[in-house]
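**Student:** This structure is in structure tokens; I'll ask about it shortly.
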Amino acid sequence: MPPASLRALLARSIDYAGMFPPCSLGLETALRNQAEYVRSPDAWMLGALVLSTEQFDETKQLLSQFDTHHPLRVAALGPKNASADAFLEALDDAEAAISSLSRHNVDLVSISHLEMFLPHDVEIAPLKEARSILGDLPVFWEASPDRAEQTIALLAEFNSDADLATFGYKLRTGGVTADAFPTSMQIAKALVTPATHQLPIKFTAGLHHPLRQYREEVQTKMHGFLNVLGAAVLAAEHRWDTNQTAMMLEDENVDSFSFADDFFAWREWRIDTKRLQYRRRFVVSFGSCSFDEPRDDLRALKLL
């Protein structure tokens, strides 16, 4: 059994995105994998299946591998649009697809949240329209890392006036080429923006491995999910600045990370497991095209 702090840090942390690069699997294969994963001993780490709303109709015909004890949880991925007007039209279509899939079989499938790109010209008024369209469904709005602080401030302002604060920020942490990876400082700025500590944040792409490391396939250093998730909770708990946060993001030494039942620590900085569980309410998950690779690496590090 892994230490309680590791379970707290990684509980439902991996949203399986097998249909996206570099894996780029077909829908049937990804669904078959998800059905296997929800029945595995490591299912406690598994979040939702990242699924484009355009694939919802086809998915309805492929649910036989799931049952009431092992349902399909979906992270709905909406289309990307460049302007506020097109964004709201696309949002209407996404909501219709979500409602249709949700009603199709309430025992076998549920929508955990929506993920969608936020055009640069969207401000408070379109966000209010978006909320009226989507109701209480949690949403993670993606913006480029260089717009992270601006976008987080906008979402926090909106949430402050909302009855239910369900808008969060989605940060892209990598891709299939070196230029897709933000710098450690860009990630750090997103994590230490004051609003982030009470604003849900999730990550996508590039976090296949527990620790930061150079990878030949992308010709650069990939960020580690233990670095990113750990830095997110510790930065919030201890009010770190960007330099301290970036230092943890760039640490490649597994011995810097300590997991016990009652605490998690990076070097001399620690957080109690109960406080870690609280901080994880705002540090939600990361998308990965592989559920196997993160687990294999954790086992190689003797953390699982």
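The values are calculated or read from the model by the stated rules, or taken from the named source; none is laboratory data. Bear in mind the structure is a predicted one, so any value in this text is a computation, not a measurement. Cβ coordinates were reconstructed from backbone atoms using ideal geometry, including for glycine residues, and neighbour counts include every protein chain displayed. Keep in mind that these areas ignore ligands, DNA and RNA; they rest on the heavy atoms of the full protein, side chains included. Shrake-Rupley method; radii C 1.70, N 1.55, O 1.52, S 1.80 Å.
**Student:** Cβ contacts < 6 Å: first residue touching a residue at least 60 places away in the same chain (Cβ under 8 Å), restricted to segment 225-239; second residue part of a helix (DSSP H, G or I) and of a type in the set (A, V, I, L, M, F, W, C), any location; separation 6+ or different chain. Result?
**Tutor:** Every condition considered, the pairs that remain are 229/9; 233/276.
**Student:** Exactly one of these conditions fails for residue 185: (1) within 18 Å of the chain's Cα centre (by Cα); (2) farther than 22 Å from residue 303 by Cβ. Give me its number.
**Tutor:** (1)
**Student:** Within segment 255-297, track down each residue that is outside any helix (DSSP H, G or I), of a type in the set (Phe, Trp, Tyr) and open to solvent by 50 Å² or more (accessible area, probe 1.4 Å).
**Tutor:** The one that is outside any helix (DSSP H, G or I), of a type in the set (Phe, Trp, Tyr) and open to solvent by 50 Å² or more (accessible area, probe 1.4 Å): 269.
**Student:** On the basis of being open to solvent by 40 Å² or more (accessible area, probe 1.4 Å), in a helix (DSSP H, G or I) and touching a residue at least 12 places away in the same chain (Cβ under 8 Å), does residue 252 make the cut?
**Tutor:** No; evaluated as a whole, the condition is false for this residue.
**Student:** Any idea how many residues of segment 92-115 are open to solvent by less than 50 Å² (accessible area, probe 1.4 Å), in contact with a helix residue (DSSP H, G or I) (Cβ under 7 Å, 6 or more places away or on another chain) and not small (Gly, Ala, Ser)?
**Tutor:** 5
**Student:** Can I ask one more? Can you confirm whether segment 166-174 contains a residue that is among the charged types (D, E, K, R) and in contact with a Phe, Trp or Tyr (Cβ under 6 Å, 6 or more places away or on another chain)?
**Tutor:** Kept after step one, since they are among the charged types (D, E, K, R), are these residues of segment 166-174: 170, 172.
This time we only want the ones that are in contact with a Phe, Trp or Tyr (Cβ under 6 Å, 6 or more places away or on another chain), so: 170.
Scanning segment 166-174 turns up at least one residue that is among the charged types (D, E, K, R) and in contact with a Phe, Trp or Tyr (Cβ under 6 Å, 6 or more places away or on another chain).
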